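The values are calculated or read from the model by the stated rules, or taken from the named source; none is laboratory data. Everything quoted here is computed from the prediction, not taken from an experiment. All Cβ positions, even for glycine, are placed from backbone atoms using ideal geometry, and neighbour counts span all protein chains on display. Remember, those area values only see protein heavy atoms, side chains included, never the ligands or the DNA or RNA. Shrake-Rupley method; radii C 1.70, N 1.55, O 1.52, S 1.80 Å.
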Amino acid sequence: MSGEAFAAYGARLSIDLDALCDNWRHLRGRLASGDCGAVVKADAYGLGAAQVAPALYRAGCRQFFVAHLNEGIVLRPLLPADATLSVLHGAHPGSEAEFVRHGLQPVLNSLPQVAAWRALAGRLGRPLPAILQIDTGMARLGLDAGEFAQLLASADGLAGIELRCLMSHLVSAEDPATPINRRQLADFRAALARLPGVKASLANSSGIFLGADYHFDLVRPGAALYGVAPVAGQANPLRPVVRLQGKVLQIRRIAAGTAVGYSHTWTAGRDSRLATLAVGYADGYLRSLSNRGVARCDGVALPLVGNISMDTLIVDITELPEGRLGEGDYVDLADPVNGVDAIAGRAGTIGYEILTSLGRRYARSYLGAAEDDALAA
Ligand SMILES: Cc1ncc(COP(=O)(O)O)c(C=O)c1O
């Protein structure tokens with residue numbers, strides 16, 4: 001995007017596809033065997049599935065996951081036929097034929113979903129691929145222990161279903177110390193033992209860092225690909241992927257004692273210089289960062305002051321040299337030092353929510369991961 005084109009926007013969001021692909025390679029490098037997939041639901045955690053998924057394909061990824069059928073329908077034409085695209089929410093009643101039409105693989109989460117998929121395979125007269133999810137602790141999606149036993153005991157159970165994988169999802173993988181991890185692993189292994197020869201998938205990003213016991217045949221990282229720290233309280237080995245720069249709309253001087261912004265939640269303790277940036281909560285810059293967030297310029301941390309508005313926020317730039325910033329200049333709102341986890345910490349949330357809230361109004365640019373011939377082939 002040219003400088004002129006950027007001028008039409010309040011902020012620039014750059015997404016580093018080389019860093020993203022390096023992160024995928026890092027995660028794959030932690031596996032002794034098996035495949036490293038990629039979770040690209042929610043528009044690749046807000047970063048743009050149309051750019052992220054093809055870049056990961058070029059890096060070697062062949063297993064992709066979205067949440068909704070519609071996400072799969074949109075993404076499928078952007079990936080070559082040898083990429084598998086699985087829909088985590090499974091096939092809702094009546095939507096099964098859409099999966100076949102669009103070349104999508106459902107994650108079957110309930111007995112009715114299994115029955116409907118089996119019935120469609122029967123009608124089409126050929127096996128249909130699927131992943132089966134069992135619940136080992138989330139109590140969210142997947143067959144519980146009783147339903148799993150019922151499925152295995154029934155005569156037609158998985159007839160006509162080409163079971164590509166048994167999967168489950170970890171509750172607290174980011175906390176290696178919690179006994180829930182081992183309990184889920186044991187339950188998952190016990191279930192898998194009842195389906196000899198079937199492949200298995202348990203680990204999300206953090207699960208990969210729990211060690212080889214958790215890797216099985218396929219891992220499903222999402223957040224770590226996008227730079228979120230996988231292990232609570234430990235150094236993050238992954239590269240930051242996003243940089244957000246907000247545009248200065250106006251610079252002003254205020255006297256000590258001047259109150260700032262809606263509801264006057266901050267009052268200057270000294271004569272100050274302020275910069276108003278063209279980013280607000282309508283851009284996904286969370287209002288909970290009011291008086292908590294920081295911007296950065298030339299390595300200087302600049303506090304956000306006053307309440308964040310819908311389209312603007314105010315930064316105290318008194319610590320910067322006079323004249324350093326003017327209208328139309330940019331300051332960093334997310335960068336490698338002030339990354340998604342740091343921002344999340346200040347906002348009282350998790351890096352996932354910071355990413356998936358990233359605004360649609362930003363001028364987006366994608367860096368790196370130059371196209372090669374792999375996709376054109
Ligand atoms: C079933 C499932 N697998 C994998 C993931 C990826 O998890 P993470 O982003 O923590 O790597 C998710 C995301 O929530 C998920 O729901």
With N residues in the range 254-377, what two-decimal value do you get for its Cα radius of gyration over 2.2 N^0.38 Å?
1.22
Estimated D of the range 219-267 in µm² per second, where Rh is the Kirkwood radius over Cα pairs and Stokes-Einstein applies at 25 °C, 0.890 mPa s
161
Once amide H atoms are placed 1.01 Å from N in the peptide plane, what residues at a sequence separation of 5 or more from TYR285, or on another chain, have their amide H within under 5 Å of its amide H?
GLY280
Can you give the accessible area per residue of the chain, in Å², using a 1.4 Å probe?
43
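I'd like the carbon and sulfur percentage of the solvent accessible area for the range 57-201, probe radius 1.4 Å, heavy atoms only, ligands and nucleic acids excluded.
Roughly 56 percent of what the probe reaches on the range 57-201 is carbon or sulfur.
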Principal axes of the range 93-182: Cα extent on each, largest first, Å
48, 30, 20
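Is the chain rounded, prolate or oblate when judged by the Cα gyration tensor, a ≥ b ≥ c being the square roots of its eigenvalues, rounded requiring a/c under 1.5 and prolate requiring a/b larger than b/c?
Prolate, since a/c reaches 1.5 and a/b exceeds b/c.
Run the accessible area of the range 264-372 with a 1.4 Å probe and give the carbon-and-sulfur part as a rounded percent.
Of the solvent-accessible surface of the range 264-372, carbon and sulfur hold 51 percent.
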Among GLY90, GLY359, GLY348: highest mean-square fluctuation, GNM of the chain, C-alpha pairs under 10 Å:
GLY348
Among the GluC sites (Glu not before Pro) within the range 220-329, which fall in a DSSP loop and have no more than 10 other Cβ atoms within 10 Å of their own Cβ?
GLU322
The chain, helix-only ellipticity at 222 nm - DSSP H runs n ≥ 4, -39,500 (n - 2.57), divided by all residues, nearest 500
-7500 deg cm²/dmol
On C-alpha positions alone, give me the angle between the axis of helix 49-59 and the longest principal axis of the chain, in degrees, nearest 10.
70
Among rounded, prolate and oblate, which fits the range 212-325 when a ≥ b ≥ c are the square roots of the eigenvalues of its C-alpha gyration tensor, a/c under 1.5 means rounded, and a/b larger than b/c means prolate?
prolate
Would you mind giving the three semi-axes, in whole Å and largest first, of the ellipsoid equivalent to the range 12-164 according to its Cα gyration tensor?
30, 17, 14
